[in-house]
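One structure below.
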Amino acid sequence: MAQSPPPPHPNEPVEWTTIIGAHQGSWDWRLSELWNCRDLISLFVWRDFVSVYKQTILGPAWHLLQPLLTTLTFTFIFGKIALFSTGGVPPFLFYLSGTILWSFFSNCLLKTSNTFLSNSGLLSKVYFHRLSIPISTLFSTLIAFAIQFSLFLLVWIYFCFHENSIHPSLALLAAPVAILMIAGYALAGGIIVSAVTTRYRDLSIAIAFGVQLLMFLTPVIYPLSSVPSENQWIISLNPLTPIFELFRFSFFGGTPCSLLALGFSFFLLLLLLTVGLALFSRIEKTFMDTI
């Protein structure tokens, strides 16, 4: 019969495996501690993904129905009635590409922005790295995007064999870059908003409304080339514009996006992530006093 080891002598030094101490400031991100929470993050991912469609009839199939119905609506309204240009790309395929990418960005941004408010009960009872929640939200939303992206790939492959205007190329290698940048913007924006909404609750309402307006300033339902030249600079100020243009260029070809605009977008992404992490680390110490 196995016996437990004897307790250490009171005078013997004890080696602690985990030490919880006060934060050292806004730049104390404790990334190694976040890595140690990877099992907890996986549990949060499973919780977020399963709880959305629990007790539903169709379950994860809603991830396919939502972009399909939205794309059909856009194709009818903007392609048949408003006659928006799609740059020579089949309208259904064009709107589907914009729909899945924008859905990923908006859902991840809005869910991450409610990190403190929607998890206040959990955060007030136990200690763990607070960034585990927005990171898990990003991954759970990424799973939903992967399901929708597989649908887009099937439609894209179909049009590759039936449309002469669609030709696969090495530009496909740029698609992961666009997806990672969109994920970065959603995470950075979400953690900034989540930190600010602990004091100003009405900001969450404003962000939900602002995301809807931002879609029309982003080339989701139109290519940048279809915008009148005198107004293109307005759309180009949006840092998401070159990312959407890069995503579509990787699959449809055509005019490549501006490398200068893409470089500026990447620089702004790094700046927002830095500001977001610093602000998040600053607020998480006192958020229970204001939430």
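Structural remarks
- Checked against (1) more than 16 Å from Gly189 (Cα to Cα); (2) touching a helix residue (DSSP H, G or I) at 6+ places or on another chain (Cβ under 9 Å); (3) modelled with pLDDT under 85, Leu83 passes all but a single condition, namely (2).
- Qualifying residue in the stretch 114-134 (condition: of a type in the set (D, E, K, R) and touching an Asp or Glu at 6+ places or on another chain (Cβ under 7 Å)): yes
- Meets criteria (within 27 Å of Ser265 (Cα to Cα), buried (at least 16 other Cβ atoms within 10 Å of the Cβ) and in contact with a Cys (Cβ under 9 Å, 6 or more places away or on another chain)) for Gly184: no
- Selection over the stretch 70-88 of residues that are β-branched (Val, Ile, Thr) and touching a residue at least 24 places away in the same chain (Cβ under 8 Å) gives a count of 3.
- Only residues that are closer than 20 Å to Pro176 by Cβ and without any contact (Cβ under 8 Å) to a residue 60 or more places away in the chain were counted in the stretch 121-140, giving 1.
- Count of residues meeting criterion [of a type in the set (Ser, Thr, Tyr), out of contact with any Phe, Trp or Tyr (no Cβ under 9 Å at 6 or more places or on another chain) and farther than 18 Å from Leu34 by Cα] in the stretch 118-141: 2
Yes/no matrix, rows are residues, columns are (1) in a helix (DSSP H, G or I); (2) of a type outside the set (A, V, I, L, M):
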| site | (1), (2) |
| --- | --- |
| Leu83 | no, no |
| Leu101 | yes, no |
| Pro134 | yes, yes |
| Tyr158 | yes, yes |
| His167 | no, yes |
| Gly184 | yes, yes |
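- Meets criteria (over 25 Å from Asn114 (Cα atoms) and out of contact with any Lys or Arg (no Cβ under 6 Å at 6 or more places or on another chain)) for Ile179: no
The values are calculated or read from the model by the stated rules, or taken from the named source; none is laboratory data. In this text the structure is predicted, and so the values were computed from the model without any measurement. Neighbour counts run over all protein chains shown; Cβ positions are idealised from the backbone, glycine included.
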